[in-house]
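Take a look at the structure set out below.
Any read-out appearing in this document is the output of simple, stated calculations on the displayed coordinates, not a laboratory observation. Because the structure is a prediction, the values reported are computed rather than measured. Here the Cβ positions follow ideal geometry from the backbone for every residue, glycine too, while neighbour counts run over all protein chains shown.
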Amino acid sequence: MDFLTVAQRIRNLAQAGLAYSEGPFDRDRYQQLLALAAEILATSTGTSLDEVTEILRLERGYPTPKVDVRAVVPRGDQLLFVRETTDGRWALPGGWADSGTSPSKMAAREVLEETGYVVTPLKVLAVFDKATHFPVSELWGVYKLFFLCRIDGGEARPSFETPELGFFGENEIPPLSLNRNTEGQVRRMFEHVRAPHLATDFD
């Protein structure tokens, strides 16, 4: 049994219940469910109960997925990658979307901040549910958006979070930060670049 998935479902039910219930008895039951989810999550992830409880406390309202934006930036037959400080592995430039910023602007901003290149997003290549593409379950649901981007200026400039960057071909994909992008997803992005007529992938 995947206890992390079970805990996610309990957390979603409890959080939705707290968002819509007004009666004190129902709210108390949902608070107990949320506390149970926190205990399961802490045990299954090796995180302290206090830390998990604080994370859950900050999430209010109806539970919805977070959004991760990735930029597919080709140069010839290669794509732009950045090496992540957190795990030393490589990913397509990107990160969490911020409220108040559109997904395409977020993709362009992440590329500029992580690589120094100025890009223009041209097309949504894929919208993936992370849970169906990644081997490890997470506390939050995540949608991943992949944007095809054209380089319009700037110059290579690594950042603190991404101290190294480079362009790699399909046969020289570097060790990937799998929490950010899988090999299958990256290879599919190469296919999209080679065949611009392909429709947007989803799910």
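Looking across the range 87-118, just one residue is out of contact with any Leu (no Cβ under 9 Å at 6 or more places or on another chain) and β-branched (Val, Ile, Thr), and that is Thr101. Selection of the range 153-203 for residues being part of a loop (DSSP other than H, G, I, E, B) and of a type in the set (Gly, Ala, Ser) yields Ala156, Ser159, Ser177, Ala195, Ala199. Exactly one residue out of Glu172, Glu164, Glu183 is more than 30 Å from Thr45 (Cβ to Cβ) and surrounded by fewer than 17 Cβ atoms within 10 Å (Cβ to Cβ): that is Glu172. Can you tell me which residues in the range 78-95 are acidic (Asp, Glu) and under 14 Å from Glu114 (Cα atoms)? Listed by number, the list holds a single entry, Glu84. When residues in the range 183-203 are screened for being under 18 Å from the mean Cα position of the chain (by Cα) and basic (Lys, Arg), 2 of them pass. Going by what's in this entry, would Thr64 be described as β-branched (Val, Ile, Thr), without any contact (Cβ under 8 Å) to a residue 12 or more places away in the chain and over 26 Å from Phe168 (Cα atoms)? So Thr64 fails the test. On the stretch given as the range 17-39, residues that are touching a Lys or Arg at 6+ places or on another chain (Cβ under 9 Å) and either free of Cβ contacts under 8 Å to residues at least 12 places away in the same chain or of a type in the set (Val, Ile, Thr) (or both) total 1. Across the range 96-114, the number of residues qualifying as under 13 Å from the mean Cα position of the chain (by Cα) and basic (Lys, Arg) comes to 0.
Considering the range 117-161, and only residues there that are within 30 Å of Asn12 (Cβ to Cβ) and of a type in the set (Phe, Trp, Tyr), the residue that is surrounded by the fewest Cβ atoms within 10 Å (Cβ to Cβ) turns out to be Trp140.
Would you call Pro158 touching a Gly at 6+ places or on another chain (Cβ under 8 Å) and closer than 15 Å to Glu114 by Cα? Against the criterion (touching a Gly at 6+ places or on another chain (Cβ under 8 Å) and closer than 15 Å to Glu114 by Cα), Pro158 qualifies.
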